[in-house]
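Okay, so here's the structure we're looking at.
The values are calculated or read from the model by the stated rules, or taken from the named source; none is laboratory data. On a predicted model such as this, the values are computed, not experimentally measured, just so you know. Neighbour counts are summed over all protein chains in view; Cβ atoms, including those assigned to glycine, are modelled from backbone coordinates with ideal geometry.
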Amino acid sequence: MSSDDIAISVRNLGKTYRLFGHPGDRIKQFLSLGMKKYHNEFTALHDVSFDIKKGETVGIIGRNGSGKSTLLQLICGILKPTTGTVNVNGSISALLELGAGFNPEFTGRENVYFQGAVTGVSKEQMDARFDDIASFADIGEFIDQPVRTYSSGMFVRLAFAVASKLDAEVVILDEALAVGDIAFQARCFERIDQLRNNGATILLVSHSMQHILSHCDSALLLHRGGIAVSGRDVASVVADYEKSVRVGHEVSYPSGAKKNENMRTDIQEKRFGSFEAFIDTFEIEQDGVVTTVLKPGRETVFRCGIKATRSFRAVALGISIRKPGTADLWGDNNILAGRELALHEGWNLIEYAVDFPLSSGEYLVYCGLAAISGSKRVELDQRWPIEKVTVVTDRTQIGFIYAPARISVEA
């Protein structure tokens, strides 16, 4: 790959911050001439190296504190590296965080022209683009009000509209779409696709794995300031990310465990029951691989490892899938399926297989276990939710159900 094909080249990049316990310690540090240390050091990024080709859309993912924002600020030149180098071949347009680059006392209109001037776009050029920017932002008369009066949604509308119309060769978006509503996000990704088609290089940071899977050519996973994995197999990188956020959150309930102990904090799990039997392990398999990145219409196995402190003649094991704040989009249990289940003392393994029915999106998986005796039901272990999955499809549909229409026409 020649250097002319490279949009961004990063070599051995590192950033270390000095953390002072008291404002006066900064002065003491300066006056000490390095003879004494009045600060602690925090390394946000270390030994990061990669190349990004021109025209490529790269997703940068990782847990909070992994170094994503620091990396983007170094690429933009906002921060200076402690070690290593960053070379950017082309102009940059960046939407890094809510409030960055806009003067809160300026009106929206004034900030549009200010951003153009900062990035080298003339007033005449911004005049030609302003109507499109204002139309995309769709904030009405607030375009002539100070930005400090804007809601977060109004701000991000205007900020994205400006950033995407500066004709930059490199566009950087750091959680830029987290505030906008669904309709606005759809318009933003339509604009991103236009930028891609025009040859722009795009860096997209998002906690939505659906966005990363649907719009990125490659992905880079940061972990504790370094690159954990990267490559063009975006689904594989996303799967590694999903595994990383679960480290330290897997639980194993002993008999008599309290309701609120050892819950999955990464997905805000609520868990309750007697725990005379409990769901010790839970995994999802598709195409012979244990994963949380799924494709619809394929046989998918939900596998539950259950530990029982005694035997149970009849239990109900249910699995359902929801969007946050919604009712079940899909669900089933052994009773509805006409299959009796019993548990023996110790380890039990139960598998449910289904042709996965949901379309693109991010979903929460719920799982519950109850003992059944006649009309009496005793909750043994309810895990709400137990897992998060990301579904990716090549074909866009409306709604949540994956049922592509087959269309025929007769002349």
Could you tell me which of the residues PRO324, PRO385 is touching a residue at least 40 places away in the same chain (Cβ under 8 Å) and not in a strand (DSSP E or B)?
PRO324
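Do we have any residue at all in the stretch 358-365 that's in a loop (DSSP other than H, G, I, E, B), of a type in the set (Ser, Thr, Tyr), touching a helix residue (DSSP H, G or I) at 6+ places or on another chain (Cβ under 8 Å) and not assigned by TED's automatic domain parsing to the domain that holds ALA186?
Looking through the stretch 358-365, at least one residue is in a loop (DSSP other than H, G, I, E, B), of a type in the set (Ser, Thr, Tyr), touching a helix residue (DSSP H, G or I) at 6+ places or on another chain (Cβ under 8 Å) and not assigned by TED's automatic domain parsing to the domain that holds ALA186.
May I ask you to list the residues in the stretch 118-159 that are assigned to a helix (DSSP H, G or I), among the small types (Gly, Ala, Ser) and touching a residue at least 24 places away in the same chain (Cβ under 8 Å)?
ALA134, ALA137, SER152, GLY153, ALA159
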Elements of type strands (runs of 3 or more DSSP E) contained in the stretch 1-117, each with 2 or more residues being surrounded by 14 or more Cβ atoms within 10 Å (Cβ to Cβ) and touching a Lys or Arg at 6+ places or on another chain (Cβ under 9 Å):
6-19, 40-53, 57-61, 83-88
Scope the stretch 77-99; condition without any contact (Cβ under 8 Å) to a residue 40 or more places away in the chain and either of a type in the set (Gly, Ala, Ser) or outside the structural domain of ARG18 (by TED's automatic domain parsing) (or both); matching residues
GLY77
Given the structure, is GLU379 charged (D, E, K, R), outside the structural domain of ILE212 (by TED's automatic domain parsing), over 23 Å from the mean Cα position of the chain (by Cα) and modelled with pLDDT of 90 or more?
yes
Looking only at the stretch 306-330, count every residue that is surrounded by 15 or more Cβ atoms within 10 Å (Cβ to Cβ) and of a type in the set (Gly, Ala, Ser) and tell me the total.
5
Failed item, numbered, when ILE8 is tested on (1) touching a Leu at 6+ places or on another chain (Cβ under 7 Å); (2) within 30 Å of GLU169 (Cα to Cα)
(1)
Give ILE27, ILE61 a once-over and let me know the one that is in the same structural domain as SER236 (by TED's automatic domain parsing) and either in contact with an Asp or Glu (Cβ under 7 Å, 6 or more places away or on another chain) or without any contact (Cβ under 8 Å) to a residue 60 or more places away in the chain (or both).
ILE27
